[in-house]
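J.: Okay, here's the structure, questions in a sec.
The values are calculated or read from the model by the stated rules, or taken from the named source; none is laboratory data. As the structure is a computational prediction, the values presented were derived from the model and not from experiment. Keep in mind that these areas ignore ligands, DNA and RNA; they rest on the heavy atoms of the full protein, side chains included. Shrake-Rupley method; radii C 1.70, N 1.55, O 1.52, S 1.80 Å.
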Amino acid sequence: MTPQETFDTVVAALRKQGVHSKDGDLCVYRGPHGMKCAVGHLIPDEQYDQSFEKETVEAIYYKVPALAQHDYNLLARLQSIHDCHPPSEWEREWSCVADDFGLTYKEAYETTTSPS
């Protein structure tokens with residue numbers, strides 16, 4: 001998967017979700033009611049293990065075969081946005097990531113509004 005595809009996949013999933021994936025006060029890869037963090041959206045169900053919840057992105061990057069197709073630095077940045085910023089700041093932060101990684105950023109209204 002290209003960095004642009006990774007970025008687009010995570011941004012679209014988190015936009016749709018609109019909230020953190022948390023268990024209590026802790027951000028988790030898989031949370032209640034089907035919530036997922038940035039990296040959690042890229043982990044196939046058959047490769048997920050509950051033990052990941054105690055591990056860093058770096059640690060599970062090497063344990064989850066599906067993550068090998070993604071740029072680690074991009075994953076770490078997207079995860080940091082999910083974990084460290086309120087959803088109201090996500091769009092601004094994603095725009096910065098797109099600039100830093102040379103990716104195309106489409107604002108939410110561009111992806112959800114169809115021409116009349």
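J.: Over segment 1-60, give the accessible area per residue in Å² for a 1.4 Å probe, as an integer. Don't skip to the answer; put the middle values down first.
T.: Details: 3320 Å² over 60 residues.
On a per-residue basis, 55 Å².
J.: Still on this model: Under the √(5λ) rule applied to the eigenvalues of the Cα gyration tensor, what semi-axes describe the equivalent ellipsoid of the chain? Give them in Å, descending. Can you show the working numbers first?
T.: Working: eigenvalues 104, 55, 34 Å².
Output for the chain: semi-axes of 23, 17, 13 Å.
J.: Nearest 10 degrees, 0 to 90: what angle lies between the long axis of helix 3-17 and the longest principal axis of the chain (Cα atoms)?
T.: 90 degrees
J.: Return the calculated 222 nm mean residue ellipticity for the chain, to the nearest 500 deg cm²/dmol, obtained by summing -39500 (n - 2.57) across DSSP H runs with n ≥ 4 and dividing by the residue count.
T.: Working: 5 runs with 53 residues, N = 116.
After summing the helix terms and dividing by the residues of the chain, the value is -13500 deg cm²/dmol.
J.: So what's the angle, to the nearest 10 degrees on a 0 to 90 scale, between helix 72-84 and the longest Cα principal axis of the chain?
T.: 90 degrees
J.: Sticking with this structure for a sec: If amide H atoms are built 1.01 Å from N in the plane of the peptide, which residues on other chains or at least 5 residues away come under 5 Å of the amide H of VAL28?
T.: Residues meeting the criterion, in which the H sits 1.01 Å from N, are SER21, LYS22, ASP23.
J.: Oh, and also: May I ask you to give the percent of accessible area on segment 42-110 that is carbon plus sulfur, with a probe radius of 1.4 Å?
T.: Working: 1900 of 4010 Å².
Carbon with sulfur: 47 percent of the solvent-accessible area.
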